[in-house]
Amino acid sequence: MKAIFDSHWHSFSIDCKWLAACSFSSTARKTMSCRIDRVVSDTNGVVLLVSGGITGEHVDILRGVLEQEPGGFAIDLHNVVLVDREAVKLLALTEANGTELRSCPAYIRVWVTRERAEMHGRRTEPGLERREDIGDA
């Protein structure tokens, strides 16, 4: 894991790597990284730019970063290509607590919406998984 902090731009980066066994060969390995950049601007406030995969230990790292944020912030998921169930649970809980998930890939949005519905003890009806306000309905 590598962390970079740049006070001039009011941002930091965390770059993590993990090895996952390829499903086609038990000996093949692929490297997937998770990167979290914290960007502060006058117009958007604090935005955590997440890219790569959020799985396994990366979920714990992201949870730690979220716990360190003192106030309102948003999470930009535009460059996330892989999540596991624990990551989705964390994102759903974070969104339920008021954090905006920006540029969320469609498959993650559907999964987060379903997870939030389960958190509230109700099932998602077909066609509603794309509604961003489902948790407020």
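The set of residues in the range 68-105 that are closer than 17 Å to CYS34 by Cβ, touching a strand residue (DSSP E or B) at 6+ places or on another chain (Cβ under 8 Å) and β-branched (Val, Ile, Thr) comprises ILE75, VAL80, VAL81, VAL83, THR94.
Residue by residue, here is whether (1) outside any helix (DSSP H, G or I); (2) among the hydroxyl-bearing types (Ser, Thr, Tyr); (3) without any contact (Cβ under 8 Å) to a residue 60 or more places away in the chain holds:
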{"position": "THR43", "(1), (2), (3)": "yes, yes, yes"}
{"position": "HIS58", "(1), (2), (3)": "no, no, yes"}
{"position": "GLU67", "(1), (2), (3)": "no, no, yes"}
{"position": "VAL81", "(1), (2), (3)": "yes, no, yes"}
{"position": "LEU93", "(1), (2), (3)": "no, no, yes"}
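No lab work stands behind these numbers, since they all come straight from the coordinates. These numbers were taken from a predicted model, which means no experiment stands behind them. Methodologically, a virtual Cβ is constructed for each residue, glycine included, from the backbone with ideal geometry; neighbour enumeration extends over all protein chains shown.
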